[in-house]
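Asker: Okay, handing you the structure first.
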Amino acid sequence: MKSVSLSGSPRENVGKKDAATLRNQDLIPCVLYGGDKQYHFYVVVNEVKKVVYTPEVYKVELDLNGEKHWGIIQEIQFHPVSDKILHIDFLEMFDDKVMRVGLPLRMTGSAIGVRNGGKLNINFRKLTVKGFPNKFPDSIEVDISKLRIGQKIRVKDVNTGDLVIVENPEAVVCSIKTARGAVDTGEEGEEESAPAAE
């Protein structure tokens, strides 16, 4: 998993008035929890944007007054109108503690069904997995090269190694739908098989 560093400053007061004052100064109130204690702090909005406005999932090294903690963004609160970041919750990470993380999916290969005129439908951009932090990859790769028109890949078909996917195993991750003018040429050969069509 990719990592990034952020510096945070402890909050002297915790409350709505203090939080509003921080936001007016382009500072974002945050909390780090999951360990022995909670840490209330704030970060500079321009610094935190690099881990918020991205499809990537980052392991964040938080420097809180010289103390180093590893965390991952658990929840972000946005303003309902302006979409400005209002608050960020970080979950503290420990190498020996199992945790859940939503990892981005990356489709690899060129699907036979798409080459034949079908359309690739992707239902998941991330999958939630459970495991130890040192086992988390940057993304989960899904090879779609053998998919033909009418075929699909389900959660249970995705290989995540030592990680356990906590989504419904029967949920469809992606599929190839027919489209006008699409033709199934069967070019993948008799011995190569993809998940069965239903």
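The values are calculated or read from the model by the stated rules, or taken from the named source; none is laboratory data. Note that this is a predicted model, so its numbers are computed, not measured. In this analysis, Cβ positions are derived from the backbone assuming ideal geometry, glycine residues included, and neighbour counts consider all displayed protein chains.
Asker: Collect the residues in region 116-155 that are β-branched (Val, Ile, Thr) and either assigned to a loop (DSSP other than H, G, I, E, B) or touching a Cys at 6+ places or on another chain (Cβ under 6 Å) (or both), keeping them in residue-number order.
Answerer: Those that are β-branched (Val, Ile, Thr) and either assigned to a loop (DSSP other than H, G, I, E, B) or touching a Cys at 6+ places or on another chain (Cβ under 6 Å) (or both): Ile122, Ile144, Ile149, Ile153.
Asker: Okay, next question. How do the pairs read when you match residues in region 75-86 that are of a type in the set (Gly, Ala, Ser) with residues anywhere that are modelled with pLDDT of 90 or more and not in a strand (DSSP E or B), using Cβ under 9 Å and keeping only pairs 6 or more apart or on different chains?
Answerer: Note: no pairs meet the criteria.
Asker: Filter region 142-157 down to the residues that are in contact with a Leu (Cβ under 8 Å, 6 or more places away or on another chain) and free of Cβ contacts under 8 Å to residues at least 40 places away in the same chain, then identify the one that is surrounded by the fewest Cβ atoms within 10 Å (Cβ to Cβ).
Answerer: Val155
Asker: Right, another one. Could you check region 109-137 and list, in sequence order, the residues that are touching a strand residue (DSSP E or B) at 6+ places or on another chain (Cβ under 9 Å), of a type in the set (S, T, N, Q) and more than 18 Å from Glu56 (Cα to Cα)?
Answerer: Asn116, Asn121
Asker: Please tell me if Val44 is buried (at least 19 other Cβ atoms within 10 Å of the Cβ), out of contact with any Cys (no Cβ under 7 Å at 6 or more places or on another chain), of a type outside the set (Ser, Thr, Tyr) and modelled with pLDDT of 90 or more.
Answerer: Criteria not met by Val44.
Asker: Return the residue satisfying two criteria in turn: it lies in region 12-66 and is free of Cβ contacts under 8 Å to residues at least 40 places away in the same chain and among the aromatic types (Phe, Trp, Tyr), and of such residues it is nearest to Asp138 (Cα to Cα).
Answerer: Tyr53
Asker: Would you mind telling me which numbered condition in (1) within 30 Å of Ile149 (Cβ to Cβ); (2) not assigned by TED's automatic domain parsing to the domain that holds Ile149; (3) not in a loop (DSSP other than H, G, I, E, B) Pro55 fails?
Answerer: Here Pro55 meets the rest and fails (3).
Here is a yes/no grid of residues against (1) basic (Lys, Arg); (2) buried (at least 18 other Cβ atoms within 10 Å of the Cβ); (3) more than 14 Å from the chain's Cα centre (by Cα):
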| position | (1), (2), (3) |
| --- | --- |
| Lys68 | yes, no, yes |
| Phe78 | no, no, yes |
| Val81 | no, no, yes |
| Met93 | no, yes, yes |
| Lys97 | yes, no, yes |
| Pro104 | no, no, no |
| Gly113 | no, yes, yes |
| Gly118 | no, yes, yes |
| Asp138 | no, no, no |
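Asker: Return yes when Asp83 is outside the structural domain of Ser139 (by TED's automatic domain parsing), of a type in the set (D, E, K, R) and either farther than 27 Å from Leu105 by Cα or at pLDDT 90 or above (or both) and no when it is not.
Answerer: Judged against the criteria, Asp83 is not a match.
Asker: Considering only residues that are touching a Pro at 6+ places or on another chain (Cβ under 9 Å) and part of a strand (DSSP E or B), look in region 7-40 and name the one that is farthest from Leu91 (Cα to Cα).
Answerer: The residue in question is His40.
Asker: Find the residue count for region 7-63, including only residues that are within 22 Å of the chain's Cα centre (by Cα), within 16 Å of Glu75 (Cβ to Cβ) and hydrophobic (A, V, I, L, M, F, W, C).
Answerer: Number of matching residues: 11.
Asker: Continuing with the same structure: Can you find a residue that is at pLDDT 90 or above, assigned to a helix (DSSP H, G or I) and of a type outside the set (A, V, I, L, M, F, W, C) anywhere in region 156-164?
Answerer: Yes, that holds for at least one residue.
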